[in-house]
1. Can you tell me the relative contact order of chain A? Whole percent, Cα pairs under 8 Å, sequence separation 6 or more.
2. What is the angle, in °, between the Cα long axis of helix C:159-175 and the longest principal axis of the Cα atoms in chain C? Nearest 10 is fine, range 0 to 90.
3. In Å and on Cα atoms, what radius of gyration and Dmax does the stretch C:1-90 show?
4. What's the FRET efficiency of residue C:137 with residue A:72 using the Cβ-Cβ distance as r and R₀ = 60 Å, to the nearest 0.05?
5. Tell me the label-point distance for the pair residue B:42, residue B:105, using the 7 Å Cα-to-Cβ offset, in nm and rounded to one decimal.
6. Can you list which of the trypsin sites (Lys or Arg not before Pro) found in the stretch A:45-121 are DSSP loop residues with at most 14 other C-beta atoms within 10 Å?
7. Per the Cauchy relation, a quarter of the hull surface: what is the mean projected area of the convex hull of the alpha carbons in the stretch C:108-158, in nm²?
8. Hey, got the Cα dimensions of the protein assembly as shown along the principal axes, in Å, largest first?
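Coordinate-derived values only; no laboratory data. All figures in this text were calculated on a predicted structure; none of them were measured in a lab. Using ideal geometry, Cβ is built from the backbone for each residue, glycine included, and neighbour counts are taken over all protein chains shown.
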Amino acid sequence: MGLITREQESCTQELRRLVGKGGYAGAMLTLRDGRPFAQEVRRDVDSGKFAAMSSSLVALGDTVLRELSAGALDHVLVDGAGGKLVITKAPDCSGMLILAVLTLGDMRLGLALGQVEACAVLISDILRPRLAANRD
Amino acid sequence: MLDLLNEVGEETSAATEAMPPVEPSSAGERQRLRHWPLGFESWPAAWIRVLAALSGSALDARELAERCDIAPAEVSRCLNALRALDALDRPEAARPAPAADSGWRLIFHLVGRKLGFRT
Amino acid sequence: MRTSAKLAFIGDPNAGKSTCIAAISDIPPVVTDVGCTDDLADVKQTTTAALDYGEVGLGEQGRLLLYGLPCQARFRFMFDVIREGLLGIVLLVDASAPHGLRGLEETLETYVRELREFPFVLAPNKSPGADDALKSRCLDLLRGHRLVAPICTVDARRKADIVRLAELIFLMLDLGGRAPASGDLVWA
């Protein structure tokens, strides 16, 4: 694939900035086949499992919407008593990278969706040039 | 295909009929499968039922005949073949797993009829 | 707890899980493939990231659900998603893979507990021909993990071959004392 450590470090910094805003338990940038790429998560979170589960949820979301002829996936939301899991694809990256963010219990959903989307755009800005170069 | 299986079954039965019968002292011993023999697909259907039974449960010859609905002599021939392949274990304190209930038999029948099971 | 009845198909990304399900499913399989990003992409462009789905209709009596699962260790949690009502497992092996049985070794390591818990059949697919040596090596791997299962070469495209695998699982359930109590199953 050719994404190198510099991009990973830049992405990690964006995830750190997002989590540092408050209200988040962790953020993971995952390759579409379930392998971790960059992360900022609590020590008790199994990052490998978090990455794999996030990619599975996106794959299932894509499949369900396709089967129902309901258009492209925007994001996946899993709303729990102790937090919300928001998962979206980094735009313009050919679906290769998935951003998964776990909020704390009292985080407002609207705020989380907006901040996660903004983070995804910043990550896309970091990675798009490298991905385009790899394709050429 | 069925004719071929029957032919192989007759050959296998003829070969194993020449083997000594199951020893009386081992007839009541419960045994279970250590491994499925390679090439078991050419064995008679009745012997495959014995393999299936022993894959999940430790049973003696009488219990096998009853559970698999097969003549005791046929069970003995199959066990001889398995013994020759060192494919049996004698677990200590072996107890047979319970037979399936009648509700399960209906499910087996429905799926078997739909997919076309041969047994 | 009442639940629905399922068969699981597990194996390497190129082993033929979706093909197996398609061979016996009454509906076109639902597939959740995504593009590979590791060196697996040299072998196959896509891999299952969640699960494949098919079903066998039984009329008014319900359906038997078919699931294809990824074998990579990172997706092991998917097994728990389909565990309830699972009857047995078809473990597929790509017999034509250049890396030999490395994928099978990894799958056995990942799923050894589940393979002891449920009856399963080991099915080399895409065998080039005489495969006694391959099946012997498969048997050695099973015995190394103290697993007991029939080894059946298949062509995953052939319905009769996949039916035979299902029949072996059902026989092991029926005669091996591993059938669920029928009251625990509800047909979806």
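1. RCO, chain A: 25 percent.
2. 60
3. Every Cα atom of the stretch C:1-90 included, Rg and Dmax give 13.5, 46 Å.
4. That gives a FRET efficiency of 0.85.
5. Going from the residue B:42 label point to the residue B:105 one covers 3.5 nm.
6. Those that pass, being in a loop and sparsely packed, are A:108.
7. Values: hull surface 15.7 nm².
Result: a mean projected hull area of 3.9 nm².
8. 80, 44, 41
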